[in-house]
């Protein structure tokens, strides 16, 4: 089956979305459009034929301190960069009705592929970072090669690793 994600539009039914995590439900229902209007995040949705959202994720630019990346990566980065550009996968959620069907993986891979493409030709980014909400999210991201940074529970995956996935 082909999954096509698109930027969130007014025709998408956000009100019916429920993934079981209130913070993610509230975001798509009440905050996502405003974040897009303010250019704080781009929200990508996986809609069905009727416009109902099966799942979504958000992407933004971010940076991390050079000092917190693993030494093997740090030594390859120019000393002049105190902060390194990264892509932030801010949220990722699948509606309850569509969970356990591989959509979380498809959304993650779509986001990683999108970030790698953009980093190659449009905006510099040396990694994708996530701030997992809970243990379930941590285990999910670890399956795809995300590793912990030493601050605030943040995880990341270098672009070099992402490119090996595709």
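Give 147, 162 a once-over and let me know the one that is farther than 28 Å from residue 33 by Cα and surrounded by 17 or more Cβ atoms within 10 Å (Cβ to Cβ). Result of the check over 147, 162: 162.
Say whether the condition of being within 20 Å of residue 149 (Cα to Cα), surrounded by 13 or more Cβ atoms within 10 Å (Cβ to Cβ) and in contact (Cβ under 8 Å) with a residue 60 or more places away in the chain is met by at least one residue in region 21-43. Among the residues of region 21-43, not one is within 20 Å of residue 149 (Cα to Cα), surrounded by 13 or more Cβ atoms within 10 Å (Cβ to Cβ) and in contact (Cβ under 8 Å) with a residue 60 or more places away in the chain, which makes the answer no. Output the residue which, of all residues in region 45-64 that are surrounded by fewer than 19 Cβ atoms within 10 Å (Cβ to Cβ), under 18 Å from residue 119 (Cα atoms) and free of Cβ contacts under 8 Å to residues at least 60 places away in the same chain, is farthest from the chain's Cα centre (by Cα). By that ranking, first place goes to 63. Scoring residue 39 on the criteria (1) closer than 23 Å to residue 152 by Cα; (2) at pLDDT 95 or above; (3) outside any helix (DSSP H, G or I) leaves a single failure, condition (1).
Restricting to region 65-77, and then to whatever is out of contact with any helix residue (DSSP H, G or I) (no Cβ under 9 Å at 6 or more places or on another chain) and not in a strand (DSSP E or B), can you tell me which residue is surrounded by the most Cβ atoms within 10 Å (Cβ to Cβ)? Break it down stepwise before answering.
Taking region 65-77 first, the residues out of contact with any helix residue (DSSP H, G or I) (no Cβ under 9 Å at 6 or more places or on another chain) are 65, 69-72, 75-76.
In the following step, the residues that additionally are not in a strand (DSSP E or B) were identified as 69-72, 75-76.
Values: 69: 22, 70: 13, 71: 7, 72: 8, 75: 9, 76: 11.
So, considering only residues that are out of contact with any helix residue (DSSP H, G or I) (no Cβ under 9 Å at 6 or more places or on another chain) and not in a strand (DSSP E or B), the one surrounded by the most Cβ atoms within 10 Å (Cβ to Cβ) is 69.
Being at negative phi, touching a helix residue (DSSP H, G or I) at 6+ places or on another chain (Cβ under 9 Å) and in a loop (DSSP other than H, G, I, E, B) is a property that residue 133 has. Only one of the numbered conditions (1) touching a helix residue (DSSP H, G or I) at 6+ places or on another chain (Cβ under 7 Å); (2) at pLDDT below 95; (3) buried (at least 17 other Cβ atoms within 10 Å of the Cβ) is not met by residue 83, and that is (3).
Here residue 30 fulfils each of the conditions (1) over 25 Å from residue 160 (Cα atoms); (2) assigned to a strand (DSSP E or B) apart from (2).
Which one is surrounded by the most Cβ atoms within 10 Å (Cβ to Cβ) among residues in region 1-20 that are under 21 Å from residue 136 (Cβ atoms) and modelled with pLDDT of 95 or more? Can you show your working first?
Taking region 1-20 first, the residues under 21 Å from residue 136 (Cβ atoms) are 17-20.
Retained after the next criterion (residues that are modelled with pLDDT of 95 or more): 17-19.
Working: 17: 25, 18: 15, 19: 22.
Per the stated criteria, the residue is 17.
Give region 130-144 a look and list any residue that's farther than 21 Å from residue 41 by Cα and surrounded by 13 or more Cβ atoms within 10 Å (Cβ to Cβ), or say none.
Selection gives 138, 140, 142, 144.
The values are calculated or read from the model by the stated rules, or taken from the named source; none is laboratory data. Just so it is clear, the structure is predicted and the values come from calculations on it, not from any experiment. Cβ: placed from backbone, ideal geometry, glycine included. Neighbour counts: every protein chain shown.
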